[in-house]
Amino acid sequence: MLRMKIGGSWEPKDFIEVLQAVEGIYYKLWLARNPMWFERYFGRGDFMRDFFDTDVFERARGVSISYADRLDLANQRLTERARYSVQSRERLKVRRITYASPGGIDLLGIGKVCEVVADSIGSMKRYWDEAHLRRERDAQATIDTEKKRTEAEIAKETLRDWQIKNARAALELLDTYPDRRDVLIPLLVRDQEMLSPRIAEGKLIGATNRDADGPSSG
């Protein structure tokens, strides 16, 4: 069971984005550890052609669409496909939501996958904790506007690097093949981008993998 610790004041959008992102991570990791389904979606290159090719998107919708929007649409379609391919006992289910500060969201799923999702959230939490400490140190010094802007750009790039590293680590924990990792990494990075604001705001405090009615499990 994946148990996410929450705090602060949440809006409906917070729950929607967090649950969508976690569900997306879960099903992509499930897909990565199931060769038959992975090959079904990615083996002939149809998914990459349909969802990452700019011309296909723009011809279908008659408008220009950003790379981030393409990732969002790809994530939505892939999650829908995987959700309906998974056996009922392996699907991600909401067991309990306790809205309080502190509170929690409990999700039932495959133990190993939940463990990797929890590790990914914990890694992002460590990033934001370290960033918060850096901001506290910087607040004690006088920094000119240009330096602030430059440091903000550096921090943004560092976060993306961290998210890529985090995605690779998650896939390696599941012993997936390198070619599968390359396809799934940009989608997993996009999921993390949806979770990051809630972590930075102190709303998503952390995550653990636990037995459904017992202690943490590894």
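Quote to one decimal, in nm, the extra length available between E130 and R160 on full extension: 0.36 nm per residue of separation minus the C-alpha distance between them.
Details: separation 30, 0.36 × 30 = 10.80 nm, distance 1.50 nm.
The E130-R160 span can extend by a further 9.3 nm.
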ask   = What number comes out for the charge environment of C114, summing +1 per Lys or Arg and -1 per Asp or Glu over other residues with Cβ under 14 Å away?
value = +3
ask   = Too long at a 20 Å Cα-Cα cut-off: which of K165/K203; K28/K203; K13/K165; K28/K165; K28/K112; K5/K165?
value = K165/K203; K28/K203; K13/K165; K5/K165
query = How much FRET efficiency would the formula 1/(1 + (r/R0)^6) give for Y84 and K13, where r is the Cβ-Cβ distance and R0 is 35 Å, rounded to 0.05?
reply = 0.85
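Between R40 and A200, 0.36 nm times their residue separation minus their Cα-Cα distance comes to what?
Working: separation 160, 0.36 × 160 = 57.60 nm, distance 3.67 nm.
Additional length available on full extension: 53.9 nm.
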FRET efficiency estimate (nearest 0.05) - Cβ-Cβ, A100 to R77, R0 35 angstrom = 0.50
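Read the figures in this text as sums done on the coordinates, not as results from a lab. Here the structure is a predicted model, which is why all the values come from computation and not from measurement. All Cβ positions, even for glycine, are placed from backbone atoms using ideal geometry, and neighbour counts span all protein chains on display.
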